[in-house]
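The structure under discussion appears below in the form of structure tokens.
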Amino acid sequence: MQLQIESRRQDSAPTIVAIPLSDAAGCPSDASGDSDISEALCLRVLESLRDSLAELTHASHDGAVSTFGFQLRSVDGDGHAETEWSEAGFCEQAARFESLHPALHAYAVATGNGAHGSRMWADAETPAGTAAMRALVERDRAWIPAYVEFLRSCDMDHEVDQWGDMDAVVERYGWQPDTCALAAARLASCHGQHGEEQFSSWLDAGLREYIDTREGRAAFLAAAEAEFDADSPQRRRHLALAREAFCDDADFWLDFFAPVLEEAELDALRRHAHARWDRSRASAA
């Protein structure tokens, strides 16, 4: 077995490293089907990814790793690939084992430490760590909050697959407080290119009815407040502004919430959002 990692630092050509994995790590299990990978092998891959990321980040000194992706290959004695698992395919396999979920999440978090303090890219269109987070949230809705945090660290102004990924989460789990929080994030910290449009589509797909229930309204209001409390890169940049500029920026995002809130609810949310600037100064004092 062989783990093939492709990475690139800023202004440099891609580097491909092939890491051999001993048979002791575990091979595909014939009992489970030729496409299945053992838990031991999945763990070995995740440990190798962790070590490779740490080495690359340390060697670059300034975290200037811009791309990081991998695939797993079964090779014959001559080094020819017999079976290959893409990053997405491997993550789906690893997510079958609940014991590996923290390691998958740790991999996604580690790929956030890229060039210019931004998330690395797996390819030209996919933020690194996407496959891991997608596999986790598909397996267990308990990972939805971590998925929202992950999206906040992505360049959502250049989104490609995120709309479909978020739709898949909503379709799988329905409207509840956790998916309601994802919807609120789509209006603010995870707005990106298409936030307002997707939120509107969700309103027509049952979100409006959910918000009109007592539980749903309470969940949405709590999620909206949490959006203005979130510790996201976007929010940290805005908190560095003067108070008036910060409040003007908050008002821009509050406008996206206005269509589904009553006037009193929107006024309360505005007070909470504006007060974030004061709270940040008080906590730093």
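The values are calculated or read from the model by the stated rules, or taken from the named source; none is laboratory data. Note that the coordinates shown come from a computational prediction; the quantities given were computed from them, not determined experimentally. Neighbour counts run over all protein chains shown; Cβ positions are idealised from the backbone, glycine included. Protein only, heavy atoms only, side chains kept; ligands, DNA and RNA dropped before computing areas. Shrake-Rupley method; radii C 1.70, N 1.55, O 1.52, S 1.80 Å.
Considering the range 246-267 alone, what residues qualify as being open to solvent by 40 Å² or more (accessible area, probe 1.4 Å) and assigned to a helix (DSSP H, G or I)? Before the answer, list the steps.
Step one: of the range 246-267, the residues open to solvent by 40 Å² or more (accessible area, probe 1.4 Å) are 248, 251-252, 255, 259, 262-264, 267.
Selection gives D248, D251, F252, D255, P259, E263, A264, D267.
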task = Answer yes or no as to whether A226 is open to solvent by 40 Å² or more (accessible area, probe 1.4 Å) and either charged (D, E, K, R) or in a helix (DSSP H, G or I) (or both).
result = yes
Which numbered condition C190 misses (of (1) surrounded by 12 or more Cβ atoms within 10 Å (Cβ to Cβ); (2) assigned to a helix (DSSP H, G or I); (3) of a type outside the set (V, I, T)) = (2)
inquiry  = Take the conditions closer than 21 Å to F252 by Cα, open to solvent by 40 Å² or more (accessible area, probe 1.4 Å), of a type outside the set (A, V, I, L, M, F, W, C) and out of contact with any strand residue (DSSP E or B) (no Cβ under 6 Å at 6 or more places or on another chain) and apply them to E196. Does it pass?
reply    = yes
query = T179 versus (1) hydroxyl-bearing (S, T, Y); (2) open to solvent by less than 10 Å² (accessible area, probe 1.4 Å); (3) in a loop (DSSP other than H, G, I, E, B): which is the lone unmet condition?
reply = (3)
query = Just checking, how many residues over the range 85-137 are more than 25 Å from A64 (Cα to Cα) and touching a Lys or Arg at 6+ places or on another chain (Cβ under 7 Å)?
reply = 1
ask   = When you scan the range 78-161 for helices (runs of 4 or more DSSP H) that lie fully inside it, which ones turn up with 3 or more residues that are open to solvent by less than 60 Å² (accessible area, probe 1.4 Å) and more than 23 Å from S7 (Cβ to Cβ)?
value = 144-152
